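No value in this document is a laboratory result; all are computed from the given coordinates. Computed from a predicted structure; not experimentally measured. With ideal geometry, Cβ positions are generated from the backbone for all residues, glycine too; neighbour counts draw on all protein chains shown.
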Amino acid sequence: MLKFILRRIGASALVLLGASLLMFFLTINSGDPLKDLRESNDPNREQLMAERSERLRLDDSPWERYWDWLSGVGGCFTGNCDLGVTINGIDVLGLTQQAASSTLRLITLSTLLAIVVGVALGILTAIRQYSGFDYTVTFGAFLFFSLPVFWAATLLKEFAAIQYNNWIAVGQYAPWTIVLVAALAGFLLQAVLGGSTRRRLATAAGVFAFVAVMLFVFNALDWWRNPMFGIGGVLLVSAAAGVLVTALTAGLRNRRVLYAALTTAVVGVIAYWFTAPLLVDEPTWLLLIGLFVVAVVVSVAIGAAWGGYARKQAMLVTGITGVITSFVVVADILIAHWSDFLGLKSRPISTIGSQTPNFDGEFWERVLDMGTQILLPTILPTLVSVATHSRYTRSSMLETLNQDYVRTARSKGLSEREVIVKHAFRNALIPITTIVAFDFAALIGGAIITEEVFGWTGMGALFQDGLNAVDPAPVMAFFLVTGIAAVLMNLLADIAYAALDPRIRR
Amino acid sequence: MNDIRNSNPGGEDYEPQVSVAGTDAVGLAAGGSAAPLPGEDKSYSQGQLVARRFFRHRGALTAMIVLGIVIVVAFTSIGVGPIPGWWPKDYTLQYDKIGDGAPTWAYPFGQDTGGKDYFALVMRGTQFSIIIAFAVGIISTVVGTVIGALAGFYRGWLEAVLMRMTDVFIVIPLLAVAAVLGRMAGESGIWGLAFVLGLVTWTSLARLVRGEVLSLRERDFVLAAQAVGTSAWRIITRHVLPNAIGVVIVSATLSISTAILLETSLSFLGFGVQAPDTSLGTLINEYQSAFSTRPWLFWWPGLMILTIALCVNFIGDGLRDAFDPRQNRTKD
């Protein structure tokens, strides 16, 4: 296994080297770096040109320049990185660190969301193949594949941000909007859940009534401006998550696992109750991460204690439940801070930049500010990736659902859940892993456009400015970050393969 | 790792391939022409089966008709090069503005800030975008097929070199390498741009074709051809590639939709089509700030891109279903 990974790393390093050579030569030959000076009427033009030639080493041979860059990068292994300077003499390393952190934040969030939503949609559409739901999701996926991101981004700015900001100033739904939303929710859920006509009608009516009543209650409470969740809500959602995770992995008949999951949710809420004073006022990131680690360890321990014969499964389920509970707790705190946040920033969703300039709030308000800034640039890449993931998951699931071993599993009387989760989905995961890894690299490339449209100063801006000035150092820094990210993701995918399919461990 | 994605364990048992390779490739074009003799059971060639399955796919058929209309309108309305079209207005002339230039009967897409007819401008952008997309599709298909077929058939060092080369192109984000090349080729007009974009979008097809060829070259009909001393070139062109035609056609279709999005994105960023040429991406870039005041300047080019890419994707899906008999859509 180790040998396999090492071999992959070696091959990837060679590929990266070749790609960097290609990229470097293409960049320095893509234009004339002195063009703007040649056209200027500055009296000290000659001197400026000589200065720039000196800085970019235009008089040296390309090979020497490449070697210089490469040895600078090689220095990263010994602790003194040197990614060169930009055309204006700014150190690229500092720029890259800043840019990479903001871009990777964007990409990681998109990727995680897209994996969860896309894979779930893919499985559902494969199970309900050729249903109305399947056709709707298929059409939606094709639509998002075909969407010019830069165009859709402008639409999103207008309809998701500006209109929402206008609306939140009042924060009330009109009655006909409520009816429409409730009807849509009812229609969607009956399409997903399926069944006989009568059952579908009952589902639709139930969902319609529930959503409509909830929205009217929210209106009455002025909930959208003063949202509340409360400890009861946290308990409800975490317990529901525990039940769902159990149902998907171990099955509800396995009472030990079910009770373990529910215990985790309850313990999580009690822990929230006790740590609330610490959390709500002015926590630090370190404290949050520490508490999260403690939460996961405690959850897994609960699983181990309850598990008995199903110990391994119980530990998995309680671990996942613990993670979900932690997120629900954070969501609860954030929601509770929303009205304060609105007081500080009356138009919450921004269309430009990665943080509000001169924003002055406490810890949770700052987190909310970051969240509302990252919201729009995340949505579009996520939707495009969801489209990709859902299509690949669907076709991969359909492939495995047609296999003999699935038929065997059904014929020996396994429940549909076991057939789908254990037999079909696990085998379908192998091609899905490939796509996720590839997509991550594509997302970083796509970030060039997202960042341009939403005014983020990330890797995309670094690349674009560099290329416009025929300045190799920032362009190569962009390549380095994206290339290494792509290689790392592929490596993760390889390791995941080896875990999923023992035949690959050569 | 790609071996897993591309190879198809057990798939060989299912595919009802015609073992006389070479006859089925042309069948698609000839589909439907050979009427069955009276009194005989109806039987179809592989190509006819594919055509039948494709035309039964309603989404793909609709998409094909819509795309046809878009192409015909884009090329006939303002004409191509010296040939004039049926649309009376010219995209270079500035006309008197009616009101603030909102769409009217005389100017169905409205007028831009200077009074130019926006329908003619959008049609010109559509023409250029379509030309680039199809040229990129053809170039990348040819390059990808050749590289994939050579790597898959000859194996050995050639495969190692070609596939590492593919990896090198894959590791650079597509948009980044396309932007650098597009900037270099921008001055040489749309054909130069189409050429360089074609040179960077072949990678996925090369991998797919290689995977397909790897499994085909072990088939009996290839062994038989080798046994009678057929040359390698002839085996590749007459026996192997015709059997991989499904993968190639589907991938070519999808590369057209990739190309149209790539080209418009590059033009939007300013690395693609340069003035005086125009494309749908340049139009959006030019008028994106007009969204709140003159929304029609923003909507039309975007909707054109969306329509073309959507149609191409649906056609690709229809072709994939048609070439893959295991995924029977209709229950017959």
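Computed values, structure above
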| quantity | calculated |
| --- | --- |
| Where only alpha carbons of chain B are counted, the Rg and the Dmax (Å) | 23.1, 77 |
| Percentage, to the nearest whole number, of Cα pairs in the range A:111-201 over 21 Å apart | 54 |
| Chain lengthening between A:Ala11 and A:Lys35 when straightened (0.36 nm per residue, less Cα-Cα) | 4.7 nm |
| Relative frequency of Cα-Cα separations exceeding 22 Å in the range A:275-364, percent | 46 |
| Inter-label distance, nm, simple model (7 Å from Cα along the C-beta direction), A:Ser101/B:Tyr44 | 6.1 |
| Mean projected area in nm² (Cα convex hull; one quarter of hull surface) for the range B:132-267 | 8.2 |
| The range A:179-233, Rg to Rh (Cα coordinates; Rh as Kirkwood inverse mean 1/r) | 1.11 |
| Rg/Rg_ref, chain A, where Rg_ref = 2.2 N^0.38 Å and atoms are Cα | 1.13 |
| Rel. contact order, % - alpha carbon contacts under 8 angstrom, at least six apart, the range A:1-132 | 11 |
| Pairs of Cα atoms farther than 24 Å apart, the range A:198-353, % | 48 |
| Relative contact order computed over chain A (Cα-Cα under 8 Å; 6+ residues apart), in percent | 25 |
| Pairwise Lys count, chain A - Cα closer than 25 Å, eight or more residues apart or different chains | 4 |
| Reachable lysines from B:Lys89, criterion Cα separation under 21 angstrom, eight or more residues apart if same chain | B:Lys97, B:Lys116 |
| Helix-only mean residue ellipticity at 222 nm for chain A, each DSSP H run of n ≥ 4 adding -39500 (n - 2.57), per residue, nearest 500 | -25500 deg cm²/dmol |
| Gain upon complete extension [A:Leu414, A:Glu362; 0.36 nm per residue less C-alpha separation] | 13.4 nm |
| Per-pair calculated FRET efficiency, R0 = 51 Å: A:Leu500 and A:Trp167 via Cβ, rounded to 0.05 | 0.65 |
| Computed over the range B:178-332, Cα set: Rg, Dmax in Å | 20.8, 73 |
| Sites A:Met370 and A:Leu278, calculated FRET efficiency, Cβ-Cβ separation with R0 22 Å, nearest 0.05 | 0.55 |
| Residue exposure sequence - A:Thr108, A:Thr393 - by fewest surrounding Cβ within 10 Å | A:Thr108, A:Thr393 |
| For the range B:168-234 versus the range B:257-276, the gap between their alpha-carbon centres in whole angstrom | 22 |
| Radius 12 Å from Cβ of B:Ser257, net charge of other residues (Lys, Arg +1; Asp, Glu -1) | -2 |
| Relative contact order for the range A:174-321, counting Cα pairs under 8 Å that sit 6 or more residues apart, in percent | 21 |
| Point-to-point label distance, A:Thr197-A:Asp222, nm (Cα→Cβ direction, 7 Å offset) | 4.8 |
| Residue order, fewest to most beta carbons within 10 Å, for A:Tyr497, A:Tyr135, A:Tyr405 | A:Tyr405, A:Tyr135, A:Tyr497 |
| Whole-percent pair-distance distribution, where bins are 10 Å wide, for the alpha carbons of the range B:39-117 | 15, 26, 22, 16, 11, 7, 2 |
| Förster radius 22 Å - calculated FRET efficiency between A:Cys76 and A:Ile352 (Cβ-Cβ, nearest 0.05) | 0.10 |
| Sorted by Cβ neighbour density within 10 Å, fewest at the top, the residues A:Glu158, A:Glu282 | A:Glu282, A:Glu158 |
| Value at 222 nm in deg cm²/dmol, rounded to 500, when DSSP H runs of n ≥ 4 in chain B each add -39,500 (n - 2.57) | -19500 deg cm²/dmol |
| Length released on extending from A:Thr177 to A:Ala336, taking residue separation times 0.36 nm less the Cα-Cα span | 54.7 nm |
